[in-house]
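One structure below.
The values are calculated or read from the model by the stated rules, or taken from the named source; none is laboratory data. If you're wondering where the values come from, they're calculated on a predicted model, not measured in any experiment. Backbone-built Cβ (ideal geometry, glycine too); neighbour counts: all protein chains shown.
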Amino acid sequence: MPAQDIGLDRDWVFSRLKEMLENPNIKKVGQNIKYEYTILNNYGIELNGIYFDTMVASYLLNPSKPNHNLDDIAMEYLDYKMTPLTDLIGKGRKQISLEEVDIERVCRYSCEDADVTFRLSEILDKKLKDKNLYDLFIGVEMPLVTVLAKMEIAGVALDTKFLKDMSAKMEERLEAVTKEIYGIAGGEFNINSHQQLSHVLFEKLKLPIIKRTKTGISTDESVLRKLASTHPAIWLILEYRTLSKLKSTYIDALPELINKKTHKVHTSFNQTVTATGRLSSSEPNLQNIPIKTDIGREIRKAFIPLKSEDTLISADYSQIELRILAHFSNDKNLINAFRKGHDIHAYTAARVFDVKEKEVTKKMRAQAKTVNFGIIYGMSPYGLSRDLGIDVPQAEEFIENYFERYPGVKLYLEEQIEEAREQGYVTTILNRRRYIPEINSANMKMKQFSERTAINTPIQGSAADLIKVAMLNIAKAIGEEGLKSKMMLQVHDELLFEVKKGEAKQMREIIKREMEGVFRLKVPILVRIGEGKNWLEAEGR
DNA sequence: GGATTGAGTCT
DNA sequence: GGAGACTCAATCC
């Protein structure tokens, strides 16, 4: 009998399941439980007792895997091939709906999912314990599932009128710029096409080739900047690129994603994507909303509370990765700098250039800032020379100087690479693990890349650990104090909240307390917090 | 129609 | 020739 003819009423089924699903004492095992939570939420059911997510478990065991589908992990850990859905519904033009498939077959198919997931959970459970990942799993990642689900459900409101006006202005400017480019270039072409653009620049206008791509000539921003003085069209092309990116990716795309029922945009926070332990955000990605340029920054003004009497609070960690570096490396000077509350980039400049802190120029500070970030990424002298516009020997001297002033950092970085060589993986402050199999590769490029990974992952990953725990503690406090305000976004070192009228003072206190007090490091952890009528204002910009 | 490429956005 | 992500438009297959 086809499934659609079985005659079970959906509401009747849900009402029977609700009690079990909402009972926190009945433990739930599943694959991608955040999805189940969200779906059930749509039917007025709150999934409680979330205990073991096989997708999250697989991620902790090896965060570098390209995906953690049930099909793939069943094959990896059970050597079992899941029945493809197309075995039931066919494929191509003859494909039918699952509702039309015989109920017996749908039943077997569904039970296979449940059975495999449960069997996987027992195997993964043991592996997590063997690898000392169980505390991270039970204490952080599993409770985070619900927090992320609630953030996704909360969503974020947008000022659509503001974006519409902005779009119209951009359109006008884009048309003007386009015409000008055609005029100067002596003909029409598609400026968005690298192929056509590179034909115009390098064949028609005979501009010099700065950089090549795998298949042709590069026309990226760094190339165009270098060519800017050679031809008047270049600046216009750069402007065209910027405007067109902002318009297509943000200004026009975001309003399309507003949910008609909730009037909000609901991103997905992916918990099993990055190799380092960070979250990622997609459909839409709300972790790369512009802020660096004036025009891009305007877009943040469109992120507002749904109700005009409410506000947004933004809180972000100050220099969290460098503080983690200070903690791990135990470097006396770096620790001292943070304990005494120095401007870390100015402090570094003073030491590296051997001047008094008062004598540090803007340029010196900017250079020191570049080096500070470069250290976290395991930057080479070549990379630094490119970034600072100096020659390689100078960059080498710069780095040498840096390590002389921060000897503990040098030692720590070397130890990380050594550790990766010996055990084949590196770990974060909460013992999150990333394997680095290519660390002993004969291929120098791969080996060097691995060494940078060994340096960056513990730092980036520990920052991810830290904010995840802070999120759990904040969510707990909001619940315990019965507040209606909601966590909405996480952007790696920043959290954004929609704050109900009258709750701002209490929320500020909770957020600051939980973020700054999350772990006890060898250096203080500082959080900047701000409130406003839109995201930009809340960030104090 | 899906995959790849090149570009650009963020921390 | 510095780490980690996602999306868009054009183009390829």
Those residues that are within 15 Å of A:E180 (Cα to Cα) and either small (G, A, S) or more than 9 Å from DNA strand B (Cβ to nearest atom) (or both), I need them from region A:202-239; list them, please.
A:H231, A:P232, A:A233, A:I234, A:W235, A:L236, A:E239
Checking A:I39 against (1) at pLDDT below 95; (2) in a helix (DSSP H, G or I); (3) in contact with a helix residue (DSSP H, G or I) (Cβ under 7 Å, 6 or more places away or on another chain); (4) not acidic (D, E), which single condition isn't satisfied?
(3)
For region A:457-485, which positions are without any contact (Cβ under 8 Å) to a residue 24 or more places away in the chain and either closer than 15 Å to A:L148 by Cβ or in a helix (DSSP H, G or I) (or both)?
A:K476, A:G479, A:E480
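Being part of a helix (DSSP H, G or I) and touching a residue at least 24 places away in the same chain (Cβ under 8 Å) is the requirement here; does A:E76 meet it? Steps first, please.
Working: part of a helix (DSSP H, G or I): yes; touching a residue at least 24 places away in the same chain (Cβ under 8 Å): no.
Against the criterion (part of a helix (DSSP H, G or I) and touching a residue at least 24 places away in the same chain (Cβ under 8 Å)), A:E76 does not qualify.
Could you tell me which of the residues A:T293, A:T262, A:T272, A:T242 is touching a helix residue (DSSP H, G or I) at 6+ places or on another chain (Cβ under 9 Å), at negative phi, buried (at least 20 other Cβ atoms within 10 Å of the Cβ) and of a type in the set (S, T, Y)? It would help to see each step written out before you state the result.
Values: A:T293 fails: buried (at least 20 other Cβ atoms within 10 Å of the Cβ); A:T262 fails: buried (at least 20 other Cβ atoms within 10 Å of the Cβ); A:T242 fails: buried (at least 20 other Cβ atoms within 10 Å of the Cβ).
A:T272 is the lone residue from the list that is touching a helix residue (DSSP H, G or I) at 6+ places or on another chain (Cβ under 9 Å), at negative phi, buried (at least 20 other Cβ atoms within 10 Å of the Cβ) and of a type in the set (S, T, Y).
Quick check, is A:T272 polar (S, T, N, Q), within 14 Å of DNA strand B (Cβ to nearest atom) and assigned to a loop (DSSP other than H, G, I, E, B)? Break it down stepwise before answering.
Values: polar (S, T, N, Q): yes; within 14 Å of DNA strand B (Cβ to nearest atom): no; assigned to a loop (DSSP other than H, G, I, E, B): yes.
No, not satisfied.
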Criterion first (within 11 Å of DNA strand C (Cβ to nearest atom), under 23 Å from the mean Cα position of the chain (by Cα) and surrounded by fewer than 16 Cβ atoms within 10 Å (Cβ to Cβ)) does A:E321 satisfy it?
no
Selected residue (criterion: surrounded by the most Cβ atoms within 10 Å (Cβ to Cβ)) from residues of region A:8-39 that are among the aliphatic types (A, V, I, L, M) and within 20 Å of A:E141 (Cβ to Cβ)
A:I33
Read through the list (1) within 11 Å of DNA strand B (Cβ to nearest atom); (2) within 27 Å of A:M170 (Cα to Cα); (3) within 20 Å of the chain's Cα centre (by Cα), then give the number of the only condition that A:I295 fails.
(3)
Name the single residue, out of those in region A:516-537 being in a strand (DSSP E or B) and touching a Lys or Arg at 6+ places or on another chain (Cβ under 6 Å), that is surrounded by the fewest Cβ atoms within 10 Å (Cβ to Cβ).
A:I529
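Can you tell me which residue within region A:201-238, out of those that are in a loop (DSSP other than H, G, I, E, B) and among the charged types (D, E, K, R), is nearest to DNA strand C (Cβ to nearest atom)?
Kept after step one, since they are in a loop (DSSP other than H, G, I, E, B), are these residues of region A:201-238: A:205-211, A:213-216, A:218-220, A:228-232.
Adding the requirement that they be among the charged types (D, E, K, R) leaves A:206, A:211, A:214, A:220.
Working: A:K206: 21, A:K211: 8, A:K214: 10, A:D220: 12 Å.
Taking the candidates together, the pick is A:K211.
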Exception for A:G277 within (1) within 14 Å of DNA strand B (Cβ to nearest atom); (2) crowded, with 16+ Cβ neighbours inside 10 Å; (3) at negative phi falls at (3)
Consider only pairs whose beta carbons are under 6 Å apart and that are at least six residues apart or on different chains; among these, list those whose first residue lies in region A:45-73 and is farther than 14 Å from A:V145 by Cβ and whose second residue is away from DNA strand C (no atom under 16 Å from the Cβ) and of a type in the set (K, R).
A:I45/A:K18; A:L61/A:K127
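Yes/no per residue for (1) under 30 Å from A:L312 (Cα atoms); (2) among the small types (G, A, S); (3) surrounded by 16 or more Cβ atoms within 10 Å (Cβ to Cβ):
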site	(1), (2), (3)
A:E152	yes, no, yes
A:G155	yes, yes, yes
A:T160	yes, no, no
A:L174	no, no, yes
A:G187	no, yes, no
A:N192	no, no, no
A:L201	no, no, yes
A:L205	no, no, yes
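Would you confirm whether any residue within region A:461-471 is of a type in the set (D, E) and within 21 Å of the chain's Cα centre (by Cα)?
yes
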Select from region A:151-182 the residues that are touching a residue at least 24 places away in the same chain (Cβ under 8 Å) and over 23 Å from A:K264 (Cβ atoms) and list them in ascending order.
A:M170, A:E171, A:R173, A:L174, A:V177, A:T178, A:E180, A:I181
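Got at least one residue in region A:257-266 being more than 30 Å from A:Q460 (Cα to Cα), near DNA strand C (Cβ under 10 Å from one of its atoms) and without any contact (Cβ under 8 Å) to a residue 60 or more places away in the chain? Write out each step before concluding.
Step one: filter region A:257-266 for residues more than 30 Å from A:Q460 (Cα to Cα), giving A:257-264.
Still in the running and near DNA strand C (Cβ under 10 Å from one of its atoms): A:257.
Remaining after also requiring without any contact (Cβ under 8 Å) to a residue 60 or more places away in the chain: A:257.
Yes, that holds for at least one residue.
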List pairs: first in region A:205-216 and within 19 Å of A:A233 (Cβ to Cβ), second within 13 Å of DNA strand B (Cβ to nearest atom) and of a type in the set (A, V, I, L, M), Cβ under 8 Å, 6+ apart or cross-chain?
A:L207/A:L201; A:L207/A:L227; A:P208/A:L227; A:I209/A:I217; A:I210/A:V223; A:I210/A:L227; A:K211/A:I217; A:K211/A:V223
Exactly one of A:A366, A:A302 is buried (at least 18 other Cβ atoms within 10 Å of the Cβ) and either modelled with pLDDT of 95 or more or not basic (K, R) (or both), and that one is A:A302
For region A:179-191, how many residues meet the condition of being part of a helix (DSSP H, G or I) and within 15 Å of A:I234 (Cβ to Cβ)?
6
Looking at (1) of a type in the set (S, T, Y); (2) more than 16 Å from DNA strand C (Cβ to nearest atom); (3) modelled with pLDDT under 90, which is the one condition that is false for A:S380?
(2)
For region A:399-442, give me the residue count where each residue is of a type in the set (A, V, I, L, M, F, W, C), part of a helix (DSSP H, G or I) and under 27 Å from the mean Cα position of the chain (by Cα).
5
Among A:E396, A:E419, which is the only one that is more than 23 Å from A:I320 (Cβ to Cβ) and not aliphatic (A, V, I, L, M)?
A:E396
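Specify the residue that is farthest from A:K332 (Cα to Cα); the eligible residues are those in region A:383-398 that are more than 11 Å from DNA strand C (Cβ to nearest atom) and assigned to a helix (DSSP H, G or I). So that I can check it myself, show each step before the final result.
So in region A:383-398, the residues more than 11 Å from DNA strand C (Cβ to nearest atom) come out as A:389-391, A:393-394, A:396-398.
Add one more test, that the residue is assigned to a helix (DSSP H, G or I), and what stays is A:393-394, A:396-398.
Details: A:P393: 28, A:Q394: 26, A:E396: 23, A:E397: 22, A:F398: 20 Å.
The qualifying residue farthest from A:K332 (Cα to Cα) is A:P393.
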